[in-house]
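A short worksheet on the structure shown next.
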Amino acid sequence: MTITGIDSTGQSAGGNAARRQGGTHTDDLDAELLALETDVAAAPISVIPAAEPEAEPVERRGFWRSLTWRDALAILSFIAVAVMVTAPLWTNLDHELRDDPQDQAFFEWMLAHGARVVTDGVYPFFSDRMNYPDGVNMMANTSVLAVSLPMTPVTLMFGPHVAFNVFLTLALAVTGISWYLVLSRQFVASRLAAWVGALFCTFAPSMISHAGGHPNIVSQFLVPLIIWRCLALRVPGRAVRNGLILAGLLVWQAFINLEILFMTAVGLGVFCAVMAVARRRRHPGEIVTFLRGLGVTGAVTLAVLAYPLSVQFFGPQSYHGLPHFVRGFGADLGSFTAYASRSVAGDSLTAARLSQNPAEENAFFGWGLVILFFGLVVWMRRRAAVLAMTGVALLFAAMSLGPRIFLNGINTGVPGPWALLHSVPVLNSAVPTRWALAIAPVVGIVLALGCQRAVDLVRQQPSARSPVQVAMITAVAMALVPLIPTPLQTVPMSPVPEFVTTGQWRQFVDDNHTVVTLPLPDSSYPDPLRWTAYTGHDMRIAGAYALLPTQNPLDPEDRTALFSPPWRPTSGLMASIRQGNPIPEITDTRREMTLADLRYWKAGVIVLTPQMRDIEMLRAMTDLLGFEPTWTGGAWLWDVRALVDDPNAVLTGPDIG
């Protein structure tokens, strides 16, 4: 479950010369900030002699107007890799993701919610279609409204299951295209360098790990745009324009995934602060200009997000912090040089030992890439931007270690930096290990800059062409080839029962009644979420797989999140039976609790489909209700409307009629 992201009038001699030789143009300040000009000693860092006079400013290259066949091939490559990774979902439409089926069902439910917002005009930030009657806070549960709303036609035409596949595939493809266009148009002149950097940013092991169930997290197509437009805030005379553009991107990202937005903001904040210090003498008015634009961005963003965020943090079914065990999720130190289970060089057993689950393999870079990254940093060490990005990467790595540092699966007992932060409000809703996810864009940008420098060196020193090319190609290949992603793993999906697909459920459910499934939906049984998504949310269900607040009678102030509704006698009983525990003695007291639960849920019908331990659950519920179910539409049904609606009804045992 998921929880929770340059324009100028002057150019350097080295930067302009490199651009002229490459036959392309990039924006000066973009290039300056991300590595083509600034260095610690305030000297030019291009391989071009510093004494070369500055050229006249050139018009910034547009994203699409200068599209070439090389760009088209690059764009097609991102689409091809995205399709390759998600191919098992397309070739087997009756399958679901093997490692994270519960989140796939959750996002299918969210896609159906977005479609219902468009077609029925329902309130977007809260829903009672699951966890009835308490409902679910959509802002606190990654509602992906920025994706689900525009995808409404796909969801309505092909269903939420296919819409999920489209969502995930496009998330990867468009993220790659976005990174490539921003890198090639704003930060480097070489299309090959941009392609290498974008390829890693998009298909890094951490991204493929989250592609196994978190399309909201891999939907990072706005991150490069946010970086670009944040740096553009330094352009004098454009504070309002640039501030509004950045604010629009931030708001858009907020309705995809706030966690990515938060990490992007932290990284950019640290980077810009370092660069402001490094550039303060050469560009004395830059900080004021940047802050002016940032003020516009902040004011507009907060104004637009004030209400949605108030719903998230203070609205119904809001929570205060993730479960304590999730706050302890940290990246193992040994994972940084290991290979993820979905990389060609990966080993699932090793990855399992070094991560909490397959969806959280955030810090797997491999020895080759670690060595290449720090080698490039040393090679480009005179560039302040490179050093600043390295500092951001190291900061994220330290924060990802969690409250306790683990090494090769062993708890060292040494507290990590996150130990001081994991209980801080807002930060207590972050998963520590995911800070390592934010390292991938830094590495990708450094890769692009390193490849660009190699290209510049070859152009300036033709005699060094062969050695430099061989060295760079070999180093990049040794680092990235072992990280080539493998297709996602899928397993057959439990079909939506005919009771749902044929609409038979409608005779039992109305505005006063819901469907209660056995067991109630949770992280181990998310199928009912897919059922209600299939109906376009016309069918309400009790229970949920979502982040919901604790309801602790001993501590009413405790609103720590759970991944399911608070325990109730009937839901707890069925979950226990499904886990393999014996059926307890069915007493009149237990029957009274069951009837109270059914009335709380306003149950119209109880549904049990064939599954593990179904006979045991059938026997227990029959004993509780006192009558046998009927087999209808591929499911056992107990019609309980009479019991729920009659305040005088009681459950007295098997003899009840």
Any chance you could check the Cα centroid distance between segment 476-495 and segment 255-273 for me, in angstrom? 27
Tell me the label only: which of (1) 40, 30, 25; (2) 36, 31, 25; (3) 52, 24, 23 is semi-axes √(5λ) of the Cα gyration tensor in Å as calculated from this structure? (3)
Non-local residues with an amide H under 5 Å from the amide H of I405, with H modelled 1.01 Å from N and Pro and chain starts lacking one, are T412, G413, V414, G416
Report the extension gain between A596 and A273 in nm, rounded to one decimal, defined as 0.36 nm multiplied by the number of residues separating them, less their alpha carbon distance. 110.5 nm
How compact and how long is segment 122-180, expressed as Rg and Dmax of its alpha-carbon atoms in Å? 13.9, 46
Between the modelled labels at D558 and A306 (7 Å from Cα along Cα→Cβ) the distance in nm is 3.5
Rg and Dmax in Å for segment 127-224, alpha carbons only: what are they? 16.4, 57
Note: segment 291-433 at 4 °C, 1.567 mPa s; Kirkwood Rh on alpha carbon pairs; Stokes-Einstein D in µm²/s works out to 74
Between segment 392-433 and segment 372-386, what's the alpha-carbon centroid distance in Å? 26
What per residue convex hull volume, in Å³, comes out for segment 327-377 when only alpha-carbon positions are used? 79
For the chain, what is the percent of antiparallel DSSP beta bridges, rounded to the nearest 5? 80
Compute the whole-percent fraction of alpha carbon pairs in segment 531-586 spaced more than 13 Å apart. 71
For the chain, calculated [θ]222 nm from helices alone, where every DSSP H run of n ≥ 4 adds -39500 (n - 2.57): -15500 deg cm²/dmol
Where a ≥ b ≥ c are root eigenvalues of the Cα gyration tensor, a/c under 1.5 meaning rounded, otherwise prolate if a/b exceeds b/c and oblate otherwise, segment 88-159 counts as oblate
Can you bin every Cα-Cα distance in segment 505-554 into 10 Å intervals starting at zero and give me the percent of pairs per bin, rounded to whole numbers? 24, 48, 22, 5, 0
I need the semi-axes of the equivalent ellipsoid of segment 554-614: take the C-alpha gyration tensor, multiply each eigenvalue by 5, square-root it, list largest first in whole angstrom. 22, 16, 14
Counting only C-alpha contacts under 8 Å and six or more residues apart, can you give the relative contact order of segment 220-318 as a whole percent? 40
Place +1 on the Cβ of every Lys and Arg and -1 on the Cβ of every Asp and Glu in the chain, take the dipole about the Cα centre, and give the residue among G626, S494, N408 whose Cα lies farthest towards its positive end. N408
Magnitude of the Cβ-charge dipole (Lys and Arg +1, Asp and Glu -1) of segment 237-356 about the Cα centre, nearest 20 debye, reported as 600
Assuming 1.567 mPa s and 4 °C, estimate D for segment 220-318 with Stokes-Einstein, Rh taken as the Kirkwood radius over Cα pairs, in µm²/s. 91
Cα convex hull of segment 348-492, projected area averaged across orientations, nm²: 11.7
For the chain, with the dipole built from +1 on Lys and Arg beta-carbon atoms and -1 on Asp and Glu ones, taken about the Cα centre, which of G114, M139, W228 lies farthest toward the positive end? W228
Karplus-derived 3J(HN,Hα) from phi for segment 92-107 (6.51 cos²θ - 1.76 cosθ + 1.60, θ = phi - 60°), whole Hz, x at Gly and Pro, runs 9, 5, 9, 10, 9, 4, 6, 8, 8, x, 5, 6, 4, 4, 4, 6
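Throughout, read-outs are computed from the coordinates displayed, never taken from laboratory work. Since this is a predicted model, take the numbers as computed values, not measurements. Positions of Cβ are backbone-derived with ideal geometry, glycine not excepted, and every protein chain shown enters the neighbour counts.
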